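Beneath this line is the structure, given in structure tokens, with notes to follow.
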Amino acid sequence: MVQNPLTPQIEKTADLLRSLQDSILRLRHEAEALREQLEADQEVGGDISKPQLAKLEGLIRDCQKVEKTLVAQSSQFASLAETGPCLDLDALRADLRCRLATLRACCDERDVSAGTAG
């Protein structure tokens, strides 16, 4: 079986997706830690802006959405890497050569062309 020419590109993309996934995960963890710190400060009597907390909550939700998308994309790329190429190019080439040989043999026979009229 011939190696899929897209395999190096798939591997690079999968690596990039893993890196992005790690970065988004770290961002979400830092945002959650900051939210917990702000909520603790608010309980102690600190002055916290509700719009700031709402933006932080929105950032956390956005991170979760991106993580979900990255997991789906990573799964697709992992399955591509596991299954390998979808086509066996050697088998297709051999089949095509066989069919071409049959067509050539048919074209050499004079009585075959009479059957195509009409």
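In region 63-75, the residues that are over 20 Å from Glu30 (Cα atoms) form Cβ pairs under 6 Å with partners that are part of a helix (DSSP H, G or I), at six or more places apart or across chains, as follows: Gln73/Leu17; Ser74/Leu17. Within region 86-103, residues that are assigned to a helix (DSSP H, G or I) sit with their Cβ atoms under 7 Å from residues that are modelled with pLDDT under 85, at 6+ positions apart or across chains, in these pairs: Leu89/Val2; Asp90/Met1; Asp90/Val2.
So, Gln42, is that one assigned to a helix (DSSP H, G or I), of a type outside the set (D, E, K, R), surrounded by 13 or more Cβ atoms within 10 Å (Cβ to Cβ) and free of Cβ contacts under 8 Å to residues at least 24 places away in the same chain or not? Yes, satisfied. The set of residues from region 48-63 being surrounded by 13 or more Cβ atoms within 10 Å (Cβ to Cβ) and either under 25 Å from Ser19 (Cα atoms) or not assigned by TED's automatic domain parsing to the domain that holds His29 (or both) comprises Leu56, Glu57, Leu59, Ile60, Asp62, Cys63.
The values are calculated or read from the model by the stated rules, or taken from the named source; none is laboratory data. All values derive from a computational prediction rather than experimental measurement. Ideal geometry is used to build each Cβ from the backbone, glycine not excepted, and the neighbour counts take in all protein chains shown.
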